[in-house]
Each structure stands twice: as structure tokens, then as C-alpha cells.
């Protein structure tokens, strides 16, 4: 008996071994193993595919509505692994319908869900359609979906015909992998496919909710807060949890008074989870009755949901924050107090019924102890957490993964550079990588080295400064002192920065919490170097605590930059009003002998060339003054003011290195030169 069992097992293992050798050698299942519901054309296509990939599984039929699809799993060869960063098996779906319909894509997740998560490649899938125009139709369908999986299309007919091009499959993959800029995503991420670096954060909030705790999450614009919220909702869905998203930015919410806002919350719970609980008419939500109605209905909702704890997510919380909200009643009246008194008291009274997570850019709602003379119900009650920045491994995971899909191989050193220069800010990192994609060679794959990165970084800082403005807007609009502190720090004016820091710990708490500044042993430095560069370029001449050398350098630099622009302005305006010949004579007359004689042989344009003529900076105010009608529309209306400014600029330039410059004199110089620079800048655009 034992011998017979051993013999049977030996035969079985030999068969399995031969089978896998066959699969490994030819990448193809024997026709006998292909179920009968596969057509002859599909069997032929599988045979053709087996010459390019390993066919590892023949799937069962998939039913989507009234349509039936078939699928197989293919394993990429080493070439595909290296070129496209594909390590796992790929779902290949057969769509036997003409014309190609969007519902065909619904078969792909059905196939994926039939297999273990770690087995299937989720970035990419393949679809084979009977519609010969599937490539165009698919690209039109997916072109506006930044989070869409990469789907490589083939038509039945082109795979049935003899394939002479040995690069046929590879080129099709390259076309659909390398054509999309995956770094340029603007909208919050609603799917897990391109969601990087925040899974631990998502898990911590889910854990807090399941432990019946409330939470708060804050951060600057475009730090990924909303993507985290969607991640929390996806995580709760996987464990049959319940969450409700309340967008406080929606006027339908923040325009409500506090009692009607409670009704809005209940309406959203019912709508988002399709509950049958009957809501009371909005007019019933008087100030006295609204909390009682809310308590009664949310208990019924929790019961209908299976006694589940409901997570209320309030995004863009600043829209109902006193002093910040665009609606007057939240800003100047007690609506905030009454709304949160209701939620907090019911949260404590009804354990495991609901908890809440508040999210926004501005944490004032949890930092302010009293509002209009009343205790803030959520002050000290909600743990304030700022969204963390990416560290180097998280940056590497995101950039390497997306980059390889797009045919860009980043040198290892660049992950640290990206993290340091952009402070681990994922939005900025993605968009500088988008610039790298634009300036890189079209031929892919391509290596991205330090020289390409530095070029892209300069381009980004020069041409995409609005990204930095957008991110800093919350400081500029709501924390102006902190914004001013950043300006001083960007100019290395540490003394003024520390004067602010000593006034209140909240100043530095915000800057450190937002991840813009870091502190080490009492020293403050920028975490996001590109923001420092951006601010310093805007505040180049606003440093307060300057040394004498710095003052002299600024005076010389600004005067030397201004002079050639004034020369051009004088040349252009005099020529426009008098013509070259008359203007030439007028300028020479202004110089007097002997300079008139020395410059007589020069053309009109050459008179204003600092390397050829003897015209000095001090001559320019004289020209402007004598022929003021030529300049008043540009520099006017106050002639004496402009001439006085120019003379003072010239005087300080000559005297600066001979005498010490006081702080008062430096401020006067800045006022004079700034006035002239502004008018000249406006003229030259």
C-alpha cells in the first residue's frame, strides 16, 4: 500500500516538474489545458503571447452585467522587468465585443481580486479586444484619469496575424508606459495605486477611531491631507467600517447656522451610506431642539449600520473657524461654540456611536482657548498632528516607482537631494520630477543624473514659483508674523527671527509643525531649501541687520544693475522724441567740452554704451531733468522726487566705501532706489 502511494506521488511530481519545464521553456499552457469556452482565436493569441511572456494561469470566465470576459495571467520576462519595473504577474483580459465599451475595464479588478494581493501587478494590465480601434478608444477613455492603471491594448486581429516585428510587444508597452506624466497629478489621490508613504499615518487614524478617540490633522496646501482622508476611508471600507466626508468648504455647509449644520451632517451620513432612516424637516432644527434631534437620529443610523462607530471627517475646517470662516456667523458669533459643544457632549455620552477627525490648513480652532469670551469646547481635546514630510526611503519609493514606469532611472544620490531640497514635500517633489520628465530625452528609458536634476531644479524655481506661493498662502493669509519670520530667516537675519521666536512659542510651533523650519539646539534652519531660495530671491534687499560690508555690497550691486537700464531708457526715449540725429547732438551738448569732442565720433547708440562713451551715472539725471517731457509718462509725475532719488543713489555709491553707512541711511537708500527700480521695471516689463 505504502509503495503504491509513493509510486503515485512520484508520478505526480514528475508530471508537475515536466509541466513547469514546459511553461518555463515555451511560456505556454498546452492546448489541452485551455478550457473549452476559450475560442480558437483566443487559443491562437495565447500561443503567440507565450512566445513573449510566461503564461502562468488560465482564468475562469468573468461576468460583468450581461457580458462575459475571459482572462489569463502572464509573467514578464527579465527584459520587461528591467525596462518597465514589472515583477509580478499581469492580468490580460479578453474583450470579445465590438465596439469596445468602458465596462470591459470592470473585468480587470474582478480578475485581480481572484488572486493574492502580492501576486498580481496592479500598476499595469493588458486588454485584448475584438475592436480594431481599441487603442484610440482606450486612450480617450483614460486621458483625463491621472490615477488610472496603465492598460496596454491589443486587437484580436493584430495578434492573430503573423507578427514579424520582434519588438512588436515591447514597443506597444513603451507607448503606453512612457507617454503619461504620472508625476503631474494635481487632484487628491482616491485610489491606492499611486498612494505612497502615508500608509502608517492612515493606519494610526483608523486605530484611533476604532479606539473611540478624536483626531486632528493639519498641514500646508498640497501636502496630501485629502489623499490621506481618502486612504482612511478606503482602509475603513476594507474592514466594513463607516466614515462620512464633510467638506466644510462647501457653502451648503458653512452658510448654515450651527443648528442647521447638524442637520447637514445627518443628511450626508444618510446620502453617503444610502440609509433608510427618516430625517426630520430642516425647520424642526431649532437651537433648542437640534442637539436632541441629532442624538436621536445618529443613534438610529448607527443601529441601521450594524451598531457601527461612524467616523465624521470634517475637511477644510478653517471654513467654520472663528476669525477665518468666510461666513459671518461662524466668524463673529457663537456658532462654532454651540456646534462643537453639541458634538463633544454627544461623543462623550454615546460611546462607540461616532467620533470625529478635523482636518485643515489652519489649526487655530484647536489652539484658541476662548472664543468671544467663551471656552472653546475642543481646545486641548483634539491631539493636533501635522502631516509628516517624506523621508528619503519614502521619496525613493515614490520617485523610483513612478519614474521607472515612465522610463526614467534616477541615480541613487538624487533621492536624498530631492528630500532635502524640497523638504520631503510630496507635491513639490512630484512636480520637479515632472519638470525632469519634460526636459529629458524622448528616447526611453533614460538615466537621470545630478546634472539633469540641477537643471530641472533651476527651471522649477524660476518658472513654477506659483507652487511655492500656493503652499505659503496659509501663512501669508492667517499667520502673517510667521510669514515675516520666514522672510528674515531666508535672508540669514537670525537675530530678527529669534526676536519673534522669543515672543511666543506658537510662532515656531507653526513653522516647525508645517515642516518648513527645523530646530536643533536653538538653531533654526529651513527644511525646504527651495522655499528659502524662493523667499530670499523675493526679499533680497530687505535684510535688517546688515554688516557694513553687506550694506556696501548692496548699494554697489543695485546701483550697477540700475545704471545700464537707465542708459537704455534714456537712449530709447530721446530717440523716440527727437530722432537719432537731433538726440545725438542734444546729448553731446549736455556733456560739454572736452567730453563732447571725445565722444563726437560715436554713434547715438554707442554714446550709451558704458564701455565706449564717457557718459557717467551722474549725467543720466541731468538728461532726464533737461528733457523731462520725454520721461514724465514713465518716471513721473514728480520730477524733483525722481531726480533727487537718482542723485542720492549716485552720492551713496561714491561715498559708501569711504564712510560707514548708518541703518537710517541704508533705509533711505532702499526707499530711493526701490522707487526708481519699480518705475524702470514697469517700463521694461
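The values are calculated or read from the model by the stated rules, or taken from the named source; none is laboratory data. Treat the numbers as computed from the prediction; the structure is a model and nothing was measured. No Cβ is skipped: glycine too gets one built from the backbone with ideal geometry, and neighbour counts run over all protein chains shown.
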Item to check | Lone unmet requirement of (1) in a helix (DSSP H, G or I); (2) over 20 Å from residue 365 (Cβ atoms); (3) touching a helix residue (DSSP H, G or I) at 6+ places or on another chain (Cβ under 8 Å) for residue 277 | outcome: (1)
Checklist entry - buried (at least 17 other Cβ atoms within 10 Å of the Cβ), in contact with a helix residue (DSSP H, G or I) (Cβ under 7 Å, 6 or more places away or on another chain) and closer than 20 Å to residue 420 by Cα - does that describe any residue in the range 512-520? => result yes
Checklist outcome for this item: Listed by first then second residue, the pairs whose first member lies in the range 462-476 and is closer than 19 Å to residue 224 by Cβ, whose partner is assigned to a helix (DSSP H, G or I), with beta carbons under 6 Å and at least 6 positions apart or on separate chains, are 468/531; 468/534; 475/482; 475/483
Next on the checklist: Please determine whether any residue of the range 228-239 is in a helix (DSSP H, G or I), in contact (Cβ under 8 Å) with a residue 12 or more places away in the chain and under 23 Å from residue 334 (Cβ atoms).
Outcome noted: no
Next on the checklist: Given the criterion buried (at least 21 other Cβ atoms within 10 Å of the Cβ) and farther than 27 Å from residue 293 by Cβ, identify the matching residue among 368, 361.
Outcome noted: 361
Next on the checklist: Suppose the filter is in contact (Cβ under 8 Å) with a residue 24 or more places away in the chain and at positive phi; does residue 515 pass it?
Outcome noted: yes
Checklist entry - Can you tell me which residue in the range 616-631 is farthest from residue 568 (Cα to Cα), limited to those that are touching a helix residue (DSSP H, G or I) at 6+ places or on another chain (Cβ under 6 Å) and not in a helix (DSSP H, G or I)? => result 618
Checklist outcome for this item: By residue number, the members of the range 64-82 that are buried (at least 20 other Cβ atoms within 10 Å of the Cβ) and part of a helix (DSSP H, G or I) are 80
Checklist entry - Residue check: is residue 262 buried (at least 21 other Cβ atoms within 10 Å of the Cβ), modelled with pLDDT of 95 or more and not in a helix (DSSP H, G or I)? => result no
Item to check | Options 569, 590: the member that is crowded, with 19+ Cβ neighbours inside 10 Å, part of a helix (DSSP H, G or I) and in contact with a helix residue (DSSP H, G or I) (Cβ under 8 Å, 6 or more places away or on another chain) | outcome: 569
Next on the checklist: Just to check your reading of the model, which residue among 61, 140 is farther than 24 Å from residue 35 by Cα and either assigned by TED's automatic domain parsing to the domain that holds residue 409 or surrounded by fewer than 16 Cβ atoms within 10 Å (Cβ to Cβ) (or both)?
Outcome noted: 140
Checklist outcome for this item: Screening 282, 318 for residues that are surrounded by fewer than 20 Cβ atoms within 10 Å (Cβ to Cβ), touching a helix residue (DSSP H, G or I) at 6+ places or on another chain (Cβ under 9 Å) and either free of Cβ contacts under 8 Å to residues at least 12 places away in the same chain or not assigned by TED's automatic domain parsing to the domain that holds residue 475 (or both) leaves only 282
Checklist entry - What number of residues in the range 465-498 are closer than 27 Å to residue 435 by Cβ and touching a strand residue (DSSP E or B) at 6+ places or on another chain (Cβ under 8 Å)? => result 3
Checklist entry - Looking at this structure, is residue 5 at pLDDT below 50, over 16 Å from residue 154 (Cβ atoms) and surrounded by 10 or more Cβ atoms within 10 Å (Cβ to Cβ)? => result no
Checklist entry - Does residue 86 count as under 34 Å from the mean Cα position of the chain (by Cα), surrounded by 19 or more Cβ atoms within 10 Å (Cβ to Cβ) and in a loop (DSSP other than H, G, I, E, B)? => result yes
Item to check | Search result, residues across the range 427-469 that are farther than 20 Å from residue 407 by Cα and surrounded by 14 or more Cβ atoms within 10 Å (Cβ to Cβ) | outcome: 427, 428, 459, 460, 461, 464, 465, 467, 468
